[in-house]
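See structure below.
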Amino acid sequence: MSLNPYIKPKKGNTSFVMLDVIIALLPLVIAGYFAYGMQAMWLLLIASGCALATDVIFSALLLKQYRSALDGSAIVTALLLCFTLSPITPWYMVAFGAVAAILFGKITWGGLGKNRFNPALIGREFMAVFFPVVMTSAGIWATKDYIQTPATNLFPGLSNEYLSSYLSGLVYKTNGAMGEYSIALIALGGFYLLLRKRISWHIPLALLAVFFGSFWFIENGQNYSYSIAGVLLGTLFMATDMPSSPTNNYGKLYYGSMIGLVAFIFIIGKVSYEYMSYAILLLNGFSYKISEVFRPKVWGEKLDYKKRVEHIFYLTLSILGCTLAILSLHYYDMVSYLIYIYIAYIVLKFNFSFIKNITNPI
Amino acid sequence: MMAIPSLKKETKTQEIKRLPDPPYVLLSLLGYQEPLKPVIASGAHVQKYQLIAQSETHWSIKLHAPISGIANVVEYNGQRYLKITNDFKNDSIVCTPPKVASLNNQDILKVIRDAGIVGSGGAGFPTHIKYDVSDRPITHFIINGAECEPYLSADYALMNQAENHLWKTVQVIQKLLQADQVVLAIEKQHRELKKKMEHQIAQLNINIKIQLLGNDYPQGSELQLIKAVAGKIIPKGSITAHHGVVVSNIGTIAAIANALYLGIPYTERIVTISGEKARTKGNFLLKIGTPISYLLKQMGQDWLPSDHQIILGGPMMGSPIAHSEESISKGTGGVLLLKHLYQKTFNCIQCGYCADVCPQKLMPMEFARHAANDNIDGLQHFNLKSCIECGACAYVCPSDVPLISSILTGKQLIKTK
């Protein structure tokens, strides 16, 4: 017998959620095409194709799920992965990243929604670890020769030259990773997701406020360099990723502000490229705990504030401890070992739950 | 709380219609948490409005014959019913309404009890026990006119065509409870009712405040209603009168009005017939016990279980019928013919929509997780007992995670621990 409710909203299922994210990312694809033409498009296509193929094959092989791969989440992962990469990244590396993102970021966790970490960022870290020379070389960002449409002054009517070039930079520029060419379009996509209620304002607001607030707070804050477009992209599309972020509003506020703080610590700790992905991945690991610590006050029940403050204190302490640990590993060039440990862990975990038939039930 | 399409447009302004009496009625012998015991012999002839069954515990719920005829105890799907075959003689016992003005509190409670009145919202709590507040101070007597379930418009129709007796009854109950304030709460989408009723109430010189509430689901849920009207947050499971609040459905008031001013026991109620697969839609005054098979016949429709399902109550919290011999009960506000949902289940994507809409501020996805693992501690840790089963989480879930079934299994697990 069926259970209540007997009505459902139309066009609200998970495929539509993914479709909305893809729609929000499309303007950035177009900006990428403007900037680097087919060079960028090929990478997006290769990543999407590899991600989809990996999802279909390994969902069927490992999870015995045959249609779930077509929910659109593989495309989202592929697009987000590409958006963190240089447009002249060799294609085989992008393909490797996409396969790793889906296989080790999603399938081995048990499929869509069960992953603790953002798959796109997992893919990126796999690339950084297995192709360290290319990923950290300066050459990979020397993209001048490939530019299709150079950035120009889009506001020639403005007499103030500084202002017009600043505004032009917000709308269109050609340096940085593939998703970073237009801050305006990133914001537009984020705004669309907000309107469609696919993300809530809590994470972006808290993250940006803490991140920029911290630089404003310290002396010489303006001397540190970071990519605003990259931070915004990470904030709106990666930190808000549903499976890897907390599920309640206070939790989201805390999670957002901790990503902002940790990213800030990484930047002043001289992590030059990976600050945002490290920060998001680190907090991803805590997001279930955050959901639990910050769970809403149940109707009519009393909240034990003393206990909650204590929990928050220890949670913050562990997050900051992990931040320092990662920072130290980064100094000694040992972050790659974290990825090796991750691979060992996820393979063992998958086999364990496969043999014992324990699946993450929801 | 969440916005949800109201779907009442087609039925809400329709007048309340009567149907010819059914050839037989089926009265469920299930009272509030206990079975009712027939007080007549099987096969006996009963008169209309005659007492035919009652409970033997302190709930003392009574059941009356809505039609005259031969009564028999029958069984469908393991549940016992009293079936009265109509002799169409309309042979009624003489109903003499009490002299309301001269009744004291105990008399009023007795009238309510003897008329077999239970809450018309669906839970079926006996009203005479709810109103027996002794000397507890009652700050708010709230009349629930917020029919937040989509499709249902029975309460709207009732308020739209309210007679003076209804408001006089409210006054009687206010005196009984010694309530400081009487508030009739309706949804904003029905604001046109407010003026109409205020005018009527002012003419009778009765003091009832009509308050407009949001259109959210589940606004009509008792605890959320109390918060919206009286500003009190009462935990689930506690008796509201202990917090100075008594809530009654407008349909219950109408049943009491019939008992006080016409002397008629609770034997008929207004029911909305609607749904996308219903050929005839509207609000009908039906005898309690009217079988669904008869209703369908009157509507010129057959039940095709492969094509649609029939829901008793609202689409959010109602229950589907298993066979067409189920019938209207005292708590049935609607009969809906809805097409089957095509559920496309995905994994939970941790979107948190369910936690956002939960009126009780719970985290429903955790119930799914812990119910699947038989983890009773986990279920209790996330306060499963506070769940009111409103279905908002399952409605909003983009992955169609079986939340309600997890909640029900979870509650069962806790109970049998």
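The values are calculated or read from the model by the stated rules, or taken from the named source; none is laboratory data. Predicted model, so just to flag it, every value in this text is computed and none were measured. Note that we place each Cβ from the backbone using ideal geometry, even for glycine, and neighbour counts take in every protein chain shown. The protein model used for the area step is the full one, side chains on, heavy atoms only, and it has no ligands, DNA or RNA in it. Shrake-Rupley method; radii C 1.70, N 1.55, O 1.52, S 1.80 Å.
Along the positive direction of the dipole of chain A (beta-carbon charges: Lys, Arg +1; Asp, Glu -1; about the Cα centre), which of A:I107, A:V271, A:Y146 reaches farthest? Projecting each Cα onto the dipole axis, the largest value belongs to A:I107. Under the simplified labelling scheme, the A:S328-A:I57 pair shows an inter-label distance of 4.1 nm, with each label point 7 Å from Cα along Cα→Cβ. The mean number of partner chain beta-carbon atoms within 10 angstrom of a residue's beta-carbon across peptide B:145-154 is 1. Other protein chain C-beta atoms within 10 Å of residue C-beta, averaged over B:384-396: 3. B:Y32 sits with roughly 50 Å² accessible to a 1.4 Å probe, with DNA, RNA and ligands left out of the calculation.
Using a probe of 1.4 Å, the accessible surface attributed to B:H242 totals some 100 Å² when neighbouring protein chains are kept in position. Of all DSSP bridge pairs formed entirely within the protein assembly as shown, close to 65 percent run antiparallel. Taking 0.36 nm per residue of separation and subtracting the current Cα-Cα distance, fully stretching the chain between B:K110 and B:K417 would add 106.6 nm. Across peptide B:366-372, the average count of Cβ atoms from other chains found within 10 Å of a residue's Cβ is 3. Think of each Lys and Arg Cβ as +1 and each Asp and Glu Cβ as -1; about the Cα centre, that makes the dipole of the stretch B:159-260 roughly 140 debye.
Using the Cβ-Cβ distance between A:L154 and B:T13 with R0 set to 45 Å, the FRET efficiency from 1/(1 + (r/R0)^6) comes to roughly 0.20. Look at the alpha carbon pairs under 8 Å that are at least 6 residues apart: their mean separation over the length of chain A gives a relative contact order of 17 percent.
Mind checking which of A:L61, A:L85, A:L158 has the largest fluctuation in a GNM of chain A, springs on alpha carbons under 10 Å? Between A:L61, A:L85, A:L158, it is A:L158 that shows the largest mean-square fluctuation.
Out of B:W167, B:T280, A:L324, whose Cα points farthest toward the positive end of the dipole of the protein assembly as shown (charges: +1 Lys, Arg; -1 Asp, Glu; placed on Cβ)? In the protein assembly as shown, that residue is B:W167. When the square roots of the Cα gyration tensor eigenvalues are ordered a ≥ b ≥ c, the ratio a/c for chain A is under 1.5, which makes its shape rounded. D by Stokes-Einstein for the protein assembly as shown, Kirkwood Rh over Cα pairs, 25 °C, 0.890 mPa s: 82 µm²/s.
Under 5 Å from the amide H of B:N86 lie the amide H atoms of B:Y24, B:V25, each residue being 5 or more positions distant or on a separate chain, with H modelled from the backbone and absent for Pro and chain starts. The H on the amide N of B:H64, modeled in the peptide plane, is under 5 Å from the matching H of B:I52, each at least 5 residues off or on a different chain. Starting from the Cα of A:H311, move 7 Å in the Cα-to-Cβ direction to define the label point; list residues of the stretch A:235-273 whose amide nitrogen is under 20 Å from there. Of the residues in the stretch A:235-273, A:244-259 have backbone N under 20 Å from the label point off A:H311. Once the C-beta distance of A:W141 and B:D374 is scaled by a Förster radius of 56 Å, the resulting FRET efficiency is 0.55 to the nearest 0.05. Contact residues in the stretch B:319-336 (at least 20 Å² less accessible area with all protein chains than alone, 1.4 Å probe): B:P320. Against the empirical curve 2.2 N^0.38 Å, the C-alpha radius of gyration of the stretch B:75-195 lands at a ratio of 1.30. Around the Cα centre of the stretch B:353-415, unit charges on the Cβ atoms of Lys, Arg, Asp and Glu (plus for the first two, minus for the last two) sum to a dipole of about 180 debye. Since only A:A47, A:S182, A:I312 are under comparison, the one whose Cα sits farthest along the positive direction of the charge dipole of chain A, derived from C-beta charges on Lys, Arg, Asp and Glu, is A:I312. In the context of the full set of protein chains, the stretch A:234-362 has a per residue accessible area of 49 Å² (1.4 Å probe). Pick from A:L80, A:L236, A:L26 the residue whose mean-square fluctuation is largest in a GNM of chain A, springs joining Cα atoms under 10 Å. Looking only at A:L80, A:L236, A:L26, the biggest GNM fluctuation is shown by A:L26.
Here chain A is treated with +1 on each Lys and Arg Cβ and -1 on each Asp and Glu Cβ, and its dipole about the Cα centre works out to around 1300 debye. The orientation-averaged projection of the convex hull spanning the C-alpha atoms of the stretch B:47-122 amounts to 6.9 square nanometres.
Per-peptide packing, taken as the mean over residues of other Cβ atoms within 10 Å, places B:68-76, B:391-399 in the sequence B:391-399, B:68-76 from highest down. All Cα-Cα separations within the stretch B:352-394 were binned at 10 Å from zero, giving a P(r) of 33, 56, 11, each value a whole percent of the pairs.
Determine the total buried accessible area between chain A and chain B, counting protein heavy atoms only with a 1.4 Å probe; round to the nearest 100 Å². Accessible area lost upon association: around 4500 Å².
Our estimate of slack between A:N220 and A:D304, defined as 0.36 nm per intervening residue step minus the Cα-Cα distance, is 26.1 nm. With the convex hull drawn around the C-alpha atoms of the stretch A:86-230, the volume per residue stands at 171 Å³. Note that the stretch B:275-281 has calculated 3J(HN,Hα) couplings of x, 5, 9, 7, 7, 10, 10 Hz, one per residue in order, obtained from phi through the Karplus relation 6.51 cos²θ - 1.76 cosθ + 1.60 (θ = phi - 60°); glycine and proline are x.
Across B:A372, B:A115, B:A228, mean-square fluctuation computed from a Gaussian network of chain B (C-alpha pairs under 10 Å connected) peaks at B:A372.
For a 29 Å ceiling on Cα separation, which of these pairs sit above it: A:K8/B:K385; A:K297/B:K12; B:K227/B:K281; B:K130/B:K339; B:K99/B:K130? Table pairs above 29 Å Cα-Cα are A:K297/B:K12; B:K227/B:K281; B:K130/B:K339.
Of the whole protein surface, A:S328 contributes about 50 Å² of accessible area at a 1.4 Å probe radius.
Using the Cβ-Cβ distance between B:S102 and B:L408 with R0 set to 60 Å, the FRET efficiency works out to roughly 0.80. Please work out the C-alpha center-to-center distance from the stretch B:109-144 to the stretch B:197-237 and express it in whole Å. Value for the Cα centre distance between the two parts: 16 Å.
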